[in-house]
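A.B. asks: Before anything else, here's the structure in question.
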Amino acid sequence: MQVVKIDLSWQKYEIQIASGLLGLIGKILIDFGFSKQVIIITNPLIKKLYADNLNISLKEASLKPFILEVPDGEEYKSLESAGQLYDRLADLNCERTTPILAMGGGVIGDLAGFVAATYMRGVPLFLLPTTLLAQVDSSIGGKVGINHGQLKNNVGTFYQPRLVLSDISVLKTLPEQQMTNGLAEVIKYGIIKDKNLFNYVADNLAKLKTLHQEVTENVIARCASIKAQFVEKDEKDLGLRNILNFGHTTGHAIETVSEFKVSHGCAVAIGMVAAGMISKKMGALPAVELNKIKSLIVKAGLPVTLAGLDPQKIIQIMKHDKKNSGGRVKFILPKTIGEVFISDNIDMGLVEQVLKEMYEETQDLCNNCR
């Protein structure tokens with residue numbers, strides 16, 4: 001097992017990374033002092049795959065589990081879904097001490113985390129991420145929220161879990177698309193902070209794709225450690241933590257314009273390439289570094305061009321990004337692999353030029369983006 005610790009001024013918790021952790025959840029909750037009912041929020045597929053194992057562990061610890069299902073899909077990360085979960089929690093007479101286990105990918109983590117943060121002004125939250133993307137990124141750092149209107153994650157708060165359990169054995173049931181999506185966030189960490197990680201992923205990509213245990217644990221632990229460093233220094237995302245949004249300014253806009261037909265990982269991959277091209281045109285990123293970034297993204301099975309998405313619409317959505325300040329769009333741009341900088345003084349004409357260069361008229365999305 002590898003353990004990454006997050007040490008905030010008011011709370012400490014761990015991210016545990018190993019195979020077989022779901023079978024230990026009952027004992028873990030008892031060790032935390034819980035002894036009554038437990039709420040599991042998940043989607044139908046994850047319930048089918050892992051609910052029996054989880055229920056056995058909880059019941060062996062004399063805990064009483066209740067499973068609440070949310071349909072799979074970004075469109076269900078909504079106020080309506082949150083309201084339905086509040087009603088169920090009230091029907092079950094849940095108290096402020098009733099723990100919620102969020103078992104699933106980013107959508108479940110964000111939604112269940114938002115519900116845990118707001119129901120009775122906060123109930124204990126445990127995260128059980130089941131996708132690579134969630135294990136390396138969305139389950140770490142306390143951001144919880146929902147989508148509203150046309151914008152992603154624009155209603156939310158910061159709410160830290162008691163514990164994150166990243167059971168790498170569950171990744172074996174992921175479809176190829178989901179694994180590839182997670183690789184986008186893995187590559188992101190290498191570009192923003194750790195050239196050694198970038199090179200390690202490039203050298204071990206085949207092993208990572210087949211979930212070689214040592215390689216997978218090493219990569220997830222290193223990504224979690226990098227994110228923990230940013231969270232500890234800037235929990236509320238007021239400055240330094242913005243760096244973690246490398247690729248996301250354009251990426252979130254791509255998701256919105258595509259009506260979420262382009263998956264998060266694919267959108268971020270395109271966004272990272274766009275950021276690299278902007279930086280190169282500004283004279284900040286050497287061409288050889290941009291080529292290395294694009295090469296690894298392609299090798300991972302991720303896209304580097306826009307597929308039938310209007311650059312003008314993407315720019316319009318970018319202007320509503322929640323990181324913007326004073327009407328200026330904030331970009332995270334690479335100087336080299338392992339180092340980035342933040343700027344809100346980017347000529348939007350340059351951004352439009354880059355997006356037009358990346359535009360392809362074809363409406364066909366790559367298989368991993370659907």
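A.B. asks: Compute the distance from the alpha-carbon center of the stretch 22-53 to that of the stretch 164-230, in whole Å.
C.D. replies: That distance is 25 Å.
A.B. asks: Starting from the Cα of Lys195, draw a straight line to each of the lysines and keep only those under 24 Å, dropping any in the same chain fewer than 8 residues away.
C.D. replies: The qualifying lysines are Lys5, Lys207, Lys209, Lys227, Lys233, Lys280, Lys281, Lys292, Lys294, Lys299, Lys330, Lys335.
A.B. asks: Separate question: Among all the aspartates and glutamates, which ones have a C-alpha under 14 Å from Lys12's C-alpha, if same-chain residues fewer than 8 places away are not counted?
C.D. replies: Cα-Cα hits under 14 Å: Glu232, Glu235.
A.B. asks: Which percentage, to the nearest 5, of the DSSP beta bridges contained in the stretch 69-181 is antiparallel?
C.D. replies: Values: 5 of 12 bridges.
Here the antiparallel bridges make up roughly 40 percent for the stretch 69-181.
A.B. asks: Related question: Modelled label-to-label distance, Leu45 and Leu240, 7 Å Cα→beta-carbon offset: nm?
C.D. replies: The answer from the label model is 3.7 nm.
A.B. asks: Separate question: Go through Ser166, Val219, Gly247 and say which Cα lies farthest out towards the positive end of the charge dipole of the stretch 133-279; charges sit on Cβ, +1 for Lys and Arg, -1 for Asp and Glu.
C.D. replies: Positive-most Cα among the choices belongs to Gly247.
A.B. asks: Considering only DSSP beta bridges with both partners in the chain, what is the antiparallel share in %, to the nearest 5?
C.D. replies: Among the beta bridges of the chain, antiparallel pairing accounts for roughly 45 percent.
A.B. asks: If you don't mind, another one. Rounded to the nearest 500, what is the 222 nm mean residue ellipticity of the chain from helices alone, with -39500 (n - 2.57) per DSSP H run of 4+ residues and division by all residues?
C.D. replies: The helix contribution divided over the chain gives -13500 deg cm²/dmol.
A.B. asks: Through the Karplus equation 6.51 cos²θ - 1.76 cosθ + 1.60, θ set to phi - 60°, convert the phi angles of the stretch 133-150 into ³J(HN,Hα) values in whole Hz; use x for Gly and Pro.
C.D. replies: 4, 5, 5, 8, 9, 5, 7, 10, x, x, 7, 10, x, 9, 8, 8, x, 8
A.B. asks: Rounded to the nearest whole Å³, what is the per residue volume of the convex hull around the Cα atoms of the chain?
C.D. replies: Spelled out: Cα convex hull of the chain, divided by residues, is 122 Å³.
A.B. asks: Please list the non-local residues whose amide H lies under 5 Å from the amide H of Gly247, H modeled 1.01 Å from N, same-chain partners needing a gap of 5 or more.
C.D. replies: Ile332
A.B. asks: Given labels modelled 7 Å from the Cα in the Cβ direction, how far is it in nm from Phe158 to Glu60?
C.D. replies: It works out to 3.8 nm between the two label points.
A.B. asks: Decide, for the stretch 176-369, between rounded, prolate and oblate: order the square roots of the alpha carbon gyration tensor eigenvalues as a ≥ b ≥ c, take rounded if a/c falls under 1.5, and otherwise choose prolate if a/b is larger than b/c, else oblate.
C.D. replies: Oblate shape, in that a/c is at least 1.5 and b/c is the bigger or equal ratio.
A.B. asks: How much of the DSSP bridge set in the stretch 176-369 is antiparallel, in percent, rounded to the nearest 5?
C.D. replies: Among the beta bridges of the stretch 176-369, antiparallel pairing accounts for roughly 75 percent.
A.B. asks: Between Val155 and residues 5 or more places away or on another chain, which pairs have amide H atoms under 5 Å apart, with H built 1.01 Å from N, and which residues are they?
C.D. replies: Distant-sequence amide H within range of Val155: Ile146, His148.
The numbers here are math on the coordinates, done by the rules we state, and not lab data. Because the structure is a prediction, the values reported are computed rather than measured. Positions of Cβ are generated from backbone atoms using ideal geometry, with glycine treated the same way; all protein chains shown enter the neighbour counts.
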